[in-house]
Amino acid sequence: MDYIRAFIVGGFICVIGQILMDKTKLTPARILVSFVTLGVILGALGIYEPLVKYGKAGATVPLPGFGYSLAKGAFKGVDEYGLIGAFTGGVTGTAAGIAAAVFFGYIMAIIFSPKMKK
Amino acid sequence: MEKKLEKQLSEEFKNMVDKNNPQSSIIKDCIFAFVIGGLICDIGQFFMNLFLSFGIPEDNVGFYVATVMVFLGAFLTGLGIYDNVAKYAGAGTIVPITGFANSIVSPAMEFKREGYILGVGARMFIIAGPVLVYGISSSVIVGIIYYFIKYFVK
């Protein structure tokens, strides 16, 4: 059941991205930026939370989930440390993803070379 | 010299895009994006269930899943597999966090010839940088607003 829900929620979020790409010619970079920012806003408003409860990885693996974690982290930071938590919380909540992206991204770029595109 | 090459490449790319555009209907694109995006999320779900079965607390399991998915995205990009799938999947491979890893590895590999500092080190953030700038900045704003709502509007 988890898998069906994750598939549907995750697939649906990707379809929104695809429609934006086809209809508005938004570049992938703009899609990435707007989806993460949208995730922060929806996360802060409490709109994304039910989606995470329902779709689990289907909602957390797509980039709005990254934004949701940023917002959730910022809230948690404020709860624990007051105003400074607004600065520490977001990055803390996404530290694993950011550090993994920097570390593995760097390692893979060093090991591999670009393949010829057909 | 390099500028010229880049310009030529971007023109070629534009031609390729234009040539492919009329044939690819939006519905077909959406089906591919849905299926492949959904499958990537199911891989994430698989790891989530796996880590939960190892007894990792639910609050932390997201960290594990994010790390594994980013690793897979980066590794498959290095092997050249991710970009082959991306040709069909479109947003299905861009929107998941694996696409974020892909956006780091691709330019970093491409610009390796410019050196390890300004080539790999700088270019890996050409897309990831803006994502972090806007993502983190908006989380700071949201945190500050939350602080004031919490302490002054009771």
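No value in this document is a laboratory result; all are computed from the given coordinates. A quick note: this is a predicted structure, and the numbers were derived from the prediction, not measured. Every residue, glycine as well, gets a Cβ built from its backbone with ideal geometry; the counts of neighbours run over all protein chains shown.
A few remarks follow.
- Scoring B:124-135, B:30-41 by mean Cβ neighbours within 10 Å over their residues and listing the highest first yields B:30-41, B:124-135.
- Each of B:Cys30, B:Pro57, B:Cys41 was placed along the dipole of the stretch B:24-152 (beta-carbon charges, centred on the mean Cα), and the one lying farthest toward the positive end is B:Cys30.
- The convex hull defined by the C-alpha atoms of the stretch A:2-111 has an orientation-averaged projected area of 8.4 nm².
- Short-range pairs are left out: with C-alpha atoms under 8 Å and at least six residues apart, the relative contact order of chain B is 19 percent.
- Greater than 18 Å apart at Cα, pairs in B:Lys87/B:Lys112; A:Lys76/B:Lys150; A:Lys115/B:Lys112; A:Lys115/B:Lys87; A:Lys23/B:Lys28; A:Lys72/B:Lys150: B:Lys87/B:Lys112
- Cα-based Kirkwood hydrodynamic radius, the stretch B:24-152, one decimal, Å: 16.7
- Distance cut-off 23 Å, percentage of C-alpha pairs in the protein assembly as shown lying past it: 53
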